[in-house]
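Written out below as structure tokens is the structure these notes cover.
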Amino acid sequence: MEELISFFIENKEFIYVIILSIFLGVEVISNVPAILHTPLMSGANAIHGVVIIGAIIVMGHASPDNILAIGLGFVAVVLGTLNVVGGFVVTNRMLEMFKKKK
Amino acid sequence: MSNFILEISYLLGSISFILGLKMLSHPETARKGNLLAAAGMAIAILATIFFHENEAGEPIGNLIWIFAAIGVGTFAGYLMAMKVKMTAMPQMVSLFNGMGGACAAIISIVEYTSHPSHDIGFLAIAFLGLMIGSVSFSGSMVAYGKLDGKINDWRSNAVRMFNNVLLAGILALIGVGVFSPDMIGEPIVWILLVVSLIYGILFVMPIGGADMPVVISLLNSFTGVAAALGGFLYDNAVMLTGGILVGSAGTILTVLMCQAMNRPLLSVIFGSFGGGGAAGTGEGGEQVVKTISVTDAAILCAYAKRVAIVPGYGLAVAQAQHTCHDFERMLGEKGVEVTYAIHPVAGRMPGHMNVLLAEADVPYPKLLEMEEVNPQLPSTDVVIVVGANDVVNPAAETDPSSPIYGMPIIQVDKAKNVIVMKRSMGKGYAGIANSLFFKDKTRMLFGDAKDTLGKLVSELKQM
């Protein structure tokens, strides 16, 4: 119990950020028309590619003789980049289709 | 100073994600929103590479490897995203989502193995991140395989039961790992990885193909949560906000999709879909469908006043959107009023049909949503159903025993004539029989959608 309390106190800013972000996410998305569901999902998919930052940190601070960290980190950075680049490009392609009509 | 630049960049990144998502939910600003979020992402990534320092004040090392990995990922991701056909879009999203999940899982593994710690918060976050990331990865791969037709449905209630037990087991394992870390020791991370991957596979396996968009959206928000847990691990604000935003927005999006199909989320995940379709064919006696020739179909349409086209996944599979647009234009030239009736979940994802038809330059005002179209149907002379099935199945309104009962449908049986283009008498994605095909006013036009529409166009030209 004590550990839980100290965990809460130590991380209270983050806990605030999490709660507020949850409400923000809900608020930002409501009222989206059905036709945009797919592009929106795809765009959100690209945004969670921010995990790549974690992968970069893992790799950047791994000592050169830590093969496991370097190897896995390399894979993680490749996968994260795929998520980010692929996600944004696919979303852009979908939305391009909507653009050119009038 | 470098820390200041890093934090400012993260702030900019977080703001761009929020604004980007906001703009993505309005048709006029959607494209800019996507680009804005991409720019914010680029800033956050570059700032991390050049300005991030660990507690000892060391900058990011192994730069060559990092840039090499980013280079490989960018090249492959760009190529995949540009090459994929519009019809295969949902699979692609699922695949990219899986990549993100795997990335999150790997981070947790490396963090755990290279920083031994007994801190409860650290352990809980690392294990949860590993579990959610792995489930998201293997689940997304199965969803990808299913949508791509590589993996078949495997419906079994025993699997669902087993899944719930497995989930409880995984959570118990995490509990042990967090509160008495020495009991299992380091191997726990690999055990957790394996069982989570298995859970992800079994979680998606029994879910029917028609519910796949909902599952992808759900897994998408899982990956968001996994990314946010990574942010907790590194005290990294932009990972935290970005991840949580996607987690909550993705959850709401999942709920909205379920509403569009009138299916409670819980029954998508825990209930079974399909199977009880025997009631669909009821009414007794031998049921015969009536077919129509291409020529007759062309004449019927050419002399109609009002024609509505109901596109479905069959149109997408046959890549028939361009031919369909030609057909609609020919009819228009003959003075027929043609509209498209788009069901919210036509295709494999909400909005999928709109994207496809937009690709073929169909003017926007011709695309009508279900609520607009249904009141017009009684005064519509001909409805042409192109490769759609479940979204026009009257059983959704009349047969309480049908698995899709309660789903809003396009009421094509109210129109004066119905022409159904199908490849065969096969059932729809939900695997249930469709009584529409046996109605008196329904005529079947068998064949590949693109082929048949092409023939219709040349018939119309000769008239």
Going through B:Lys22/B:Lys366; B:Lys290/B:Lys416; B:Lys85/B:Lys146; B:Lys366/B:Lys450; B:Lys366/B:Lys414 one by one, the pairs whose alpha carbons sit over 22 Å apart turn out to be B:Lys22/B:Lys366
Determine which aspartates and glutamates satisfy two conditions relative to B:Lys461: a Cα distance under 18 Å, and not lying fewer than 8 residues away in the same chain. B:Asp296, B:Asp326, B:Glu328, B:Glu333, B:Glu337, B:Asp451
Approximate spin-label separation B:Ser458-B:Asn164, in nm, with each point projected 7 Å along Cα-to-Cβ: 5.8
Let's test this: bin the Cα-Cα distances of region B:283-462 at 5 Å from zero up to the farthest pair and state each bin's percent. 1, 9, 19, 23, 24, 15, 7, 2, 1, 0
Report the charge-dipole magnitude of region B:329-463 in Debye, nearest 20, computed about the Cα centre from +1 at each Lys and Arg Cβ and -1 at each Asp and Glu Cβ. 440
Over the Cα atoms of region B:325-381, Rg to Rh with Kirkwood Rh, two decimal places? 0.97
extent check for region A:35-102: Cα max minus min per principal axis, descending, whole Å, gives 59, 15, 13
If N is the residue count of region B:96-251, its Cα Rg over 2.2 N^0.38 Å rounds to 1.03
Residue-averaged [θ]222 nm for chain B, counting only DSSP H segments that reach four residues, each worth -39500 (n - 2.57): -19000 deg cm²/dmol
Debye intensity ratio in log₁₀ form over the Cα atoms of region B:390-463, taken at each q of 0.13, 0.19 Å⁻¹: -0.45, -0.84
Whole-Hz ³J(HN,Hα) from phi, Karplus 6.51 cos²θ - 1.76 cosθ + 1.60, for region B:21-26, glycine and proline x: 5, 4, 5, 5, 8, 10
So the FRET efficiency between B:Ile299 and B:Met425, C-beta based with R0 = 22 Å and rounded to 0.05, is 0.35
Over the protein assembly as shown, what is the percentage of antiparallel beta bridges among all DSSP beta bridges, to the nearest 5? 5
Shape parameters for the protein assembly as shown, alpha-carbon atoms, Rg then Dmax in Å: 25.5, 85
The protein assembly as shown - charge dipole about Cα centre, Lys and Arg +1 at Cβ, Asp and Glu -1, debye rounded to 20: 2300
Label-point separation (nm) for B:Lys85 and A:Phe7, each offset 7 Å from Cα along Cα-to-Cβ? 4.9
By how many degrees, 0 to 90 and rounded to 10, does the Cα axis of helix B:449-462 deviate from the longest principal axis of chain B? 40
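Every read-out reported here was derived from the displayed coordinates using simple, explicitly stated rules and does not represent laboratory data. Nothing here was measured: the structure is a model prediction, and the numbers come from that model. As a convention, Cβ positions derive from the backbone with ideal geometry for all residues, glycine included, and neighbour counts pool all protein chains shown.
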